[in-house]
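A quick write-up on the structure given underneath.
Quick note: the coordinates plus some simple rules give every number you see, no bench work behind them. Treat the numbers as computed from the prediction; the structure is a model and nothing was measured. As a convention, Cβ positions derive from the backbone with ideal geometry for all residues, glycine included, and neighbour counts pool all protein chains shown.
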Amino acid sequence: MKVLIGTKNPHKLEECRRILGDIPGIEWLTFRERPFPEVEETGSTLEENARLKAVSLARITGLPTLAEDSGLEVASLGGAPGVLSARFAGVEKDYRANNEKLLALLAGVEDRRARFRTVAVLALPDGRTWVTEGVLEGEIALTPRGSGGFGYDPLFIPLGETRTLAELAPEEKDRISHRRRALERLRPLLSSLARGDLQFPTPPG
């Protein structure tokens, strides 16, 4: 069963393949094997954006499509940047600028609680969809640390850790990440899809 990963972000592609690449019967395709257009993220929530991408690309390509949207939600900023995480400092989606803006807003702020949240959607060409969510609690560091990961990883310290996500090895990050928690919840469905029996409960799409 061929399933499309609906993102052109190389970091997200790599993580998705590391997390779900071992499902028997699933052949993962990317934009390199099956080119697709960008889908504008016009939703006001992570779920709306993930659904927009998954449903649009499943319809365009005729393939089951997995898409997700992730955001950083900072308690003292009322949940911002949230759905605007990638474009926090501008439409250029500049990781460094986003981090600098976040640190500037949190200068002198004691409450640095935050969480990463991922909403994943699997869409079939017939219009059916399944939605899962994963959350990773933590806090924002005072300065960036580490050279791994991407996005806000150099600033995010997971609950129970002293290191930022960017200081963790990829396999360490994968074990606890918000993206893994969301994607793993789709594993039974993907396995069922590969077998051709689709026994996974079907929520309203």
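Points to keep in mind about this one:
- Label zone of residue 197 (point 7 Å out along Cα→Cβ, amide N under 18 Å): in the range 9-32 this covers 23-26.
- In Hz, Karplus ³J(HN,Hα) per residue of the range 159-171 (6.51, -1.76, 1.60; θ = phi - 60°; x = Gly, Pro): 4, x, 10, 10, 8, 7, 4, 6, 9, 8, 5, x, 5
- Residue-span extension gain [residue 41 to residue 75] - 0.36 nm each, minus C-alpha spacing: 9.9 nm
- Estimated [θ] at 222 nm from DSSP helical runs (n ≥ 4, -39500 (n - 2.57)) normalised by residues in the chain, nearest 500: -9000 deg cm²/dmol
- For residue 2, the aspartates and glutamates whose Cα falls under 12 Å of its own Cα, not counting residues fewer than eight places away in the same chain, are 27, 33.
- Fluctuation leader among 85, 56, 76 - the chain, Gaussian network, Cα springs under 10 angstrom: 76
- Within the range 80-182, chymotrypsin sites (Phe, Trp or Tyr not before Pro) in DSSP loop having at most 16 other beta-carbon neighbours inside 10 Å: 150
- Descending semi-axes in Å of the chain, equivalent ellipsoid built from Cα gyration tensor: 30, 17, 15
- Range in the chain, longest, excluding exposed GluC sites (Glu not before Pro) [loop by DSSP; at most 15 other beta-carbon atoms within 10 Å]: 41-91
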